[in-house]
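The next block holds one structure in the form of structure tokens; read it before the comments.
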Amino acid sequence: IGIAATGLIRQPAFYEFDPGKVNGASLVNVAWPQPSASHVSVSGTRKGAEFHTYMTMSEFKTFRLQDEDIVEFHADTPGDTIMVGATGAIRGNSRFPVRKGTTLRQLLQYVKIDADLASTSAIYLRRQSVAEQQKKTIKDALIRLEQRALTATSQSVDEASIRIKEAELIQDFVQRASKIEPDGVVVVCRKGEVNDLILEEGDTIYVPQKSDVVQIAGEVTMPKAVVYNEKLKLRDYIASAGGYTDRADSRNVLVLKPNGEVGPLSSLGVGPGDQIMVLPAYDSKAVQSIKDIVQIVYQLAVSAGVVLVPFWS
């Protein structure tokens, strides 16, 4: 009889055995499964119908195989460790295999931080699962935006032509915006204190380098970076960037902190390493799609939103 064997084996091939009782052990002896192989799937035909089963390696060894079965070896036993990373102003290792359940604070004891360069009050974390959720949020917003543009009604031929052009521009924006990958930033540090959380596979801890500048961006005449001075007020930073543009909303100014935190300048204040972002003003008669585009643009600008770990006083 002939058996096809694939997956985690050293010799993937089509194996032929003498007629008779052939079980999983017979195949294991010649196919040499890799040490990581823990489970086996078998597909074939039984009594004229398709047959599929899945079992552990020990169960497979006593399982009876039949002609033209397809056997695949899998690694399906979760490990006890995960791999996380660290980057930025650090010395030494940047990759750490740790046990599942290890917390951020526990790992930080083994990360060699460059004390002269590191801003330890701005440590943050990037997580793949958070980035995926952010990506989904942005995607949903883009879908709604595109649907609104494609289903907009028109009252005249001229208006219909304008709607078609708007829809083309929006579709182009949606296509380009959908390619941007969020960072998956998780804020874990506030007021110099690191909040603890359990690490996940693929997490990366960022230890930012100290910065003495403040960046001014958004609706300002000339975006630029200015050396931080505790005596400077918002108006001074804006003036150094040429002032507000005609589209600026001077009452709607965000601050992006080095630790990933985002919020109104009125509540967070300005510090070294911050980025000041001036948002645009909305015309009360503006088309809804224009408002949506601006909102999405600024969501992307702050890494598609930030997940805050709860802080308790």
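The values are calculated or read from the model by the stated rules, or taken from the named source; none is laboratory data. In this text, all values refer to a predicted model and were calculated from it rather than measured experimentally. Neighbour counts are summed over all protein chains in view; Cβ atoms, including those assigned to glycine, are modelled from backbone coordinates with ideal geometry. Surface areas here come from the heavy atoms of the whole protein model, side chains and all, with no ligands, DNA or RNA. Shrake-Rupley method; radii C 1.70, N 1.55, O 1.52, S 1.80 Å.
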Relative to the Cα centre, what is the charge dipole magnitude of the chain, using +1 at the beta carbon of each Lys and Arg, -1 at the beta carbon of each Asp and Glu, and rounding to the nearest 20 debye?
720
To the nearest 500 deg cm²/dmol, what mean residue ellipticity at 222 nm is calculated for the chain from DSSP H runs of n ≥ 4 alone, each contributing -39,500 (n - 2.57), summed and divided by the residues?
-8500 deg cm²/dmol
Would you mind telling me the share, in percent, of accessible area of the chain contributed by carbon and sulfur at probe 1.4 angstrom?
51
Around GLY218 (Cβ within 11 Å, Cβ-to-Cβ, excluding GLY218; K/R +1, D/E -1) the net charge comes to -1
Which one, VAL186, VAL28, VAL111, has the greatest fluctuation when you compute a Gaussian network model over the chain with C-alpha springs under 10 angstrom?
VAL28
What relative contact order, as a whole-number percentage, does the stretch 1-124 give when Cα pairs under 8 Å and 6 or more residues apart are counted?
24
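Leaving out ligands and nucleic acids, note down the accessible area per residue over the chain with a 1.4 angstrom probe, in whole Å².
60
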Once you charge only the Cβ atoms, +1 for Lys and Arg and -1 for Asp and Glu, what is the size of the charge dipole of the stretch 116-192 about its Cα centre, to the nearest 20 debye?
420
Compute the distance from the alpha-carbon center of the stretch 160-197 to that of the stretch 35-66, in whole Å.
46
For a quick check of your reading of the filter: which trypsin sites (Lys or Arg not before Pro) in the stretch 167-276 sit in a DSSP loop and have no more than 11 other Cβ atoms within 10 Å?
LYS179, LYS191, LYS231, LYS233
Let me check against my output: what whole-number percent is the relative contact order of the stretch 84-210, with C-alpha pairs under 8 Å and at least 6 apart?
51
Only Cα pairs under 8 Å and at least 6 apart count here; give the relative contact order of the chain as a rounded whole percent.
16
TM-like helix rule applied to the chain (DSSP H, alpha carbon span at least 27 Å on the long axis, mean Kyte-Doolittle at least -0.5) gives 157-177
Out of every Cα-Cα pair in the chain, what percent are more than 31 Å apart?
56
Rounded to whole Å and sorted largest first, list the principal axis extents of the Cα atoms in the stretch 61-157.
68, 68, 19
Which entries in the list LYS139/LYS224; LYS100/LYS179; LYS112/LYS233; LYS112/LYS257; LYS139/LYS233 go over 28 Å, if you measure between the two C-alpha atoms of each?
LYS139/LYS224; LYS100/LYS179; LYS112/LYS233; LYS139/LYS233
Distance in nm between pseudo-label sites at LYS139 and ARG163 (7 Å out along the Cβ direction from Cα)
2.9
With the label point 7 Å along the Cα-to-beta-carbon line of THR53 and a cut-off under 13 Å to each amide N, the hits in the stretch 1-40 are 22-25, 40
